[in-house]
Amino acid sequence: MSADTSGFPIKPAPPAPAPVPASVATSSATREQLRALIENVPASLACFDVKTLRFVYSNSRFARLMGQDQAALIGKNFVEAAGEEIANTAMPFVRMMLEQRQSIKFEYHLPRNDHNGFWFDVHLVPDIGTNGEFSLCHVLMSNITSHREAIREAREAVERLRKFMAASTEGIVFHEDGKIVDVNPPLLRMLGYTYDEVVGQHPLKFMAADAQAEAQAAMAVSRESAYDSVLIHKNGSRIPVQFTPRNLQWDGKTIRMSIVRDMTERMADAARIHFLAMHDALTGLANRTQLNERLELLLDGAAKTRTPLAVLFIDIDHFKRINDSLGHAAGDELLVTFAERLKAECGDEALLSRLGGDEFVVVHKHGRSHDAFAAFGERLLNALARPLTIEGRRMNVTASIGVAQFPDDGRSVMALLKNADAAMYLAKSQGRAMLRFFDPSLARAADRALTIEAQLGEAIRNGEFELFYQPQVSEPDGQLIGVEALIRWRHPELGLIGPTQFIHVAEGLQLIAPIGQWVLDEALGQIKKWGAAGWREPRVAVNLSSVQFRAANFVDSVLDALKRHDLVGANLELELTERMLMHEGDDTAATLAALTAAGIGLAIDDFGTGYSSLSHLRTLPIDRLKIDQSFVRELTDSHDCFAITEATIRLASSLGMVTIAEGVETEAQRTILRRMHVHATQGFLIARPMSAADFMVWLQTAVFKN
Ligand code: C2E
Ligand code: MG
Ligand code: MG
């Protein structure tokens with residue numbers, strides 16, 4: 001049946017063969033066929049008399065649509081059959097049909113409460129006989145609701161797409177069979193062309209030559225994955241873009257849509273981010289990350305070509321002081337100035353970077369020898385040392401440089417940086433404003449010094465200090481007259497460390513007061529132990545630091561210690577240096593007076609190395625002079641030392657002071673000193689400084705037991 005209805009007229013022209021009303025039918029068989037046909041076509045059919053405008057027949061579909069019984073509809077006019085509203089809508093078309101005697105088609109919307117209602121195509125087909133007789137008109141109504149919906153949806157889709165294309169900030173292009181069929185304004189702006197200049201052209205026309213192959217390949221296989229490409233602007237400039245292509249079915253054809261994203265800014269952003277990640281923000285120099293990366297590559301290259309390389313570690317001298325006193329802005333200005341000077345010196349032959357703080361690293365790539373690296377480093381030092389003006393203030397700032405060479409001082413980035421840093425530390429420790437090459441043994445010393453500095457504070461708490469004792473014997477009879485207490489640090493990793501390596505560090509770190517107090521307590525405690533063991537309590541000499549000596553409560557702390565250990569002043573001797581006594585003043589005199597009043601002995605240590613005169617010392621309550629070991633060492637070789645030592649002993653004796661010669665190592669020295677009438681000697685010849693336990697053993701082998 002559907003095959004029969006497919007050609008059923010719904011379009012006005014040409015007029016379709018009209019269904020024949022039952023009244024016109026001739027045979028009953030034909031009439032039955034017609035009825036069946038009329039009943040089963042998927043349309044609502046009716047026929048009305050053009051004079052009376054009353055229905056003469058309808059199929060059941062039409063009657064149902066009008067809400068009528070099929071039989072009852074016959075004889076009714078439009079208003080009676082369909083109600084006023086429909087009748088009013090239809091009448092103008094009916095009149096038009098009557099006037100024109102032609103098929104009229106109109107669309108009619110039948111509202112419904114529960115949904116959008118129905119749309120009908122209504123055809124009024126005049127039934128005009130061959131003789132021109134016109135008495136009937138056929139009404140054909142087909143439900144076109146779903147058709148209309150489809151059109152509406154398609155229209156909306158097109159509208160949506162149009163809006164989307166216009167609103168999109170990305171470029172959009174449609175192309176089909178190698179021709180651009182549509183583009184949006186953003187893409188036109190990106191390209192600099194007008195709509196007409198673009199539409200109809202081949203998409204490849206707007207692409208850079210080097211980007212065409214990939215685009216062509218993507219189009220050939222209708223690839224949908226995004227890819228980077230380059231467009232060419234009307235002015236010839238290249239525009240980096242990203243294409244996201246999609247294949248769309250449109251009106252039975254496949255067309256290709258591409259979203260075109262301008263990557264210019266994004267690439268600039270990426271470049272900016274990359275720059276920030278690789279550069280120091282303040283100076284614009286390469287940062288640590290970049291240095292690591294590039295040095296790695298340089299080392300690879302240098303290893304292949306067997307070329308030496310130098311890593312120069314640069315640190316500004318006293319930068320912290322400048323920063324603290326002038327402020328961070330001044331500090332920044334200084335860093336920028338230094339960066340510029342280094343840049344000017346380095347040019348292309350070196351890689352320059354700032355690690356942070358006041359640390360710069362320069363990698364010299366073209367040097368061939370130690371001397372060439374040294375000359376380059378000196379050039380940097382000189383450039384940095386030039387006077388500069390910071391915040392209107394003229395200043396002289398220097399830097400220290402440490403150099404490590406590839407491959408001798410290290411083969412990895414880490415090793416070279418570490419060793420250049422160690423060499424720089426060496427330059428600092430030797431007076432700053434200089435260049436030092438890495439030297440493994442010196443670096444170890446520098447490393448050791450750092451460890452000492454870092455751990456000294458913990459040493460007292462950890463009980464790592466010890467006192468060693470060195471006897472002093474009278475001359476020429478060799479009787480024990482005293483013991484000098486000498487501090488040692490038993491470091492868990494570094495072993496036994498002598499005082500020359502940490503006393504000055506302790507002074508710098510304000511740790512000397514607690515250490516000095518510990519020494520005094522320990523020494524006095526030891527005296528008591530020896531006494532308890534049955535030995536005559538010896539007089540113990542304790543070395544003082546000038547910081548200790550100048551402390552306000554110094555005398556009290558010494559007297560308290562004596563009291564705590566139940567000892568008297570005669571058990572203690574304090575060793576002062578000439579330097580401590582150079583500061584003339586009431587304080588020094590009063591301190592010395594208070595100590596002597598308590599019976600405490602006072603000795604001048606290392607005598608001869610300072611600039612004090614004996615006549616000055618005479619005015620002070622000093623008991624003993626310890627002749628410095630540098631004179632004793634040269635007694636047999638240097639006439640001057642001999643003369644000075646002899647004169648010192650004679651003069652000191654005449655002033656009522658006792659003389660002790662330090663560092664006596666040989667019998668020859670002792671013999672000379674005896675001849676000079678020295679009062680006492682101390683040195684390896686008699687005994688080395690020993691632990692308290694060893695000292696007890698030594699005492700037993702000696703002959704001083706009481
Ligand atoms: P100092 O007071 O002049 O001590 C003598 C130094 O000479 C000691 O070095 C001793 O071991 C060393 N010595 C002794 N006999 C000989 C010898 O025959 N030949 C040679 N070559 N050396 C000899 P040490 O123990 O390393 O002490 C060095 C300095 O450290 C001391 O010089 C003293 O100024 C200071 N010091 C030691 N202990 C303390 C302390 O408890 N407090 C303070 N403030 N300084 C101390
Ligand atoms: Mg001493
Ligand atoms: Mg000494």
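Going Cα to Cα from K528, which aspartates and glutamates come in below 18 Å? Please leave out same-chain ones fewer than 8 positions away.
Within reach: E466, E484, E537, D560, D566, E573, D694.
Under 17 Å Cα-Cα from K320, which lysines qualify once same-chain neighbours fewer than 8 residues away are excluded?
Correct list for K320: K428.
Quick one: Karplus J couplings for the stretch 279-287, per residue in order, coefficients 6.51, -1.76, 1.60, θ = phi - 60°, nearest Hz, x for Gly and Pro?
Karplus values, whole Hz, x for Gly and Pro: 10, 7, 5, 6, 9, x, 6, 4, 9.
Using only Cα atoms, tell me the angle between helix 328-346 and the longest principal axis of the chain; keep it within 0 to 90° and round to the nearest 10.
90 degrees
Under a straight-distance cross-link criterion of Cα-Cα below 26 Å, which lysines are reachable from K304, leaving out those fewer than 8 residues away in the same chain?
The qualifying lysines are K365, K418.
Separation of the stretch 634-706 and the stretch 250-287 by C-alpha centroid, Å?
83 Å
Suppose the chain between S135 and A552 were pulled fully straight at 0.36 nm per residue; how much longer would it get relative to their current alpha carbon spacing? The partial results should precede the final answer.
Details: separation 417, 0.36 × 417 = 150.12 nm, distance 13.94 nm.
Between S135 and A552, full extension yields 136.2 nm more.
Along Cα→Cβ, 7 Å out, is where each label goes; now give me the distance between the ones at T596 and R112 in nm to one decimal.
It works out to 12.9 nm between the two label points.
Nearest 10 degrees, 0 to 90: what angle lies between the long axis of helix 512-532 and the longest principal axis of the chain (Cα atoms)?
Computed tilt is about 50 degrees.
Working out 0.36 nm times the residue gap between N396 and E349, then minus their Cα-Cα distance, what length gain in nm do you get to one decimal? Present the calculation step by step, with values, prior to reporting the outcome.
Numbers: separation 47, 0.36 × 47 = 16.92 nm, distance 2.70 nm.
Gain on extension, N396 to E349, equals 14.2 nm.
Using Cα pairs closer than 8 Å and at least 6 residues apart in sequence, work out the relative contact order for the chain, in percent. Before the final figure, lay out each step's value.
Working: 1120 pairs, mean separation 41.0, N = 706.
Relative contact order comes out at 6 percent.
I'd like the orientation of helix 28-40 relative to the chain: the angle between its Cα long axis and the longest Cα principal axis, in ° from 0 to 90, rounded to 10.
Once rounded, the angle reads 20 degrees.
With unit charges on the beta carbon (Lys/Arg positive, Asp/Glu negative), name the residue among F631, A603, V568 whose Cα is farthest towards the positive pole of the charge dipole of the stretch 559-706.
V568
Got a sec? Which residues in the stretch 116-149 would a label at E156 touch, if it sits 7 Å along Cα→Cβ and we count backbone N under 20 Å?
Only 116-120, 144-149 fall inside the zone, counting backbone N under 20 Å.
Please work out the C-alpha center-to-center distance from the stretch 511-572 to the stretch 161-222 and express it in whole Å.
Each part reduced to its Cα centre gives a spacing of 95 Å.
Using a probe radius of 1.4 Å on heavy atoms only, what accessible surface per residue do you get for the chain? Whole Å² is fine. Don't skip to the end; give the middle numbers.
Working: 36380 Å² over 706 residues.
Counting only protein heavy atoms, the per-residue value for the chain is 52 Å².
For the chain, what is the mean residue ellipticity at 222 nm derived from helices alone (per DSSP H run of n ≥ 4: -39500 (n - 2.57); sum divided by total residues; nearest 500 deg cm²/dmol)?
Working: 28 runs with 312 residues, N = 706.
Mean residue ellipticity at 222 nm (helix-derived): -13500 deg cm²/dmol.
Please report the antiparallel percentage of the DSSP beta bridges confined to the stretch 435-588, to the nearest 5.
Numbers: 12 of 19 bridges.
The answer is about 65 percent antiparallel.
Evaluate the distance, in nm, between pseudo-label points positioned 7 Å from the Cα of K253 and of S325 along their respective Cα→Cβ axes.
8.3 nm
Tell me the carbon and sulfur percent of the accessible area for the chain, rounded to whole percent, probe radius 1.4 Å. Don't skip to the end; give the middle numbers.
Working: 19060 of 36380 Å².
Ligands and nucleic acids excluded, carbon and sulfur reach 52 percent.
Using the crude model of +1 on Lys and Arg Cβ and -1 on Asp and Glu Cβ, and no other charge, please compute the dipole size for the chain relative to its Cα centre, in debye to 20. Walk me through the numbers before you get to the answer.
Numbers: 73 positive and 88 negative charges, 378 e Å.
The dipole magnitude comes to about 1820 debye.
Radius of gyration and Dmax for the chain's Cα atoms, expressed in Å?
Answer for the chain, Rg first and Dmax second: 56.1, 173 Å.
Note the full-extension length gain between A385 and E634 as 0.36 nm times their separation in residues minus their Cα-Cα distance, in nm to one decimal.
Numbers: separation 249, 0.36 × 249 = 89.64 nm, distance 4.20 nm.
Here the answer is 85.4 nm.
Label points 7 Å out from Cα along the Cβ direction at A647 and S412: separation in nm?
Spacing of the two 7 Å Cα→Cβ label points: 6.1 nm.
The values are calculated or read from the model by the stated rules, or taken from the named source; none is laboratory data. Remember, predicted model here, so these are calculated numbers, not experimental data. Quick reminder, even Gly has a Cβ in these numbers, built from the backbone with ideal geometry, and neighbours come from all protein chains shown. Side chains included, ligands, DNA and RNA excluded: accessible areas come from the protein's heavy atoms. Shrake-Rupley method; radii C 1.70, N 1.55, O 1.52, S 1.80 Å.
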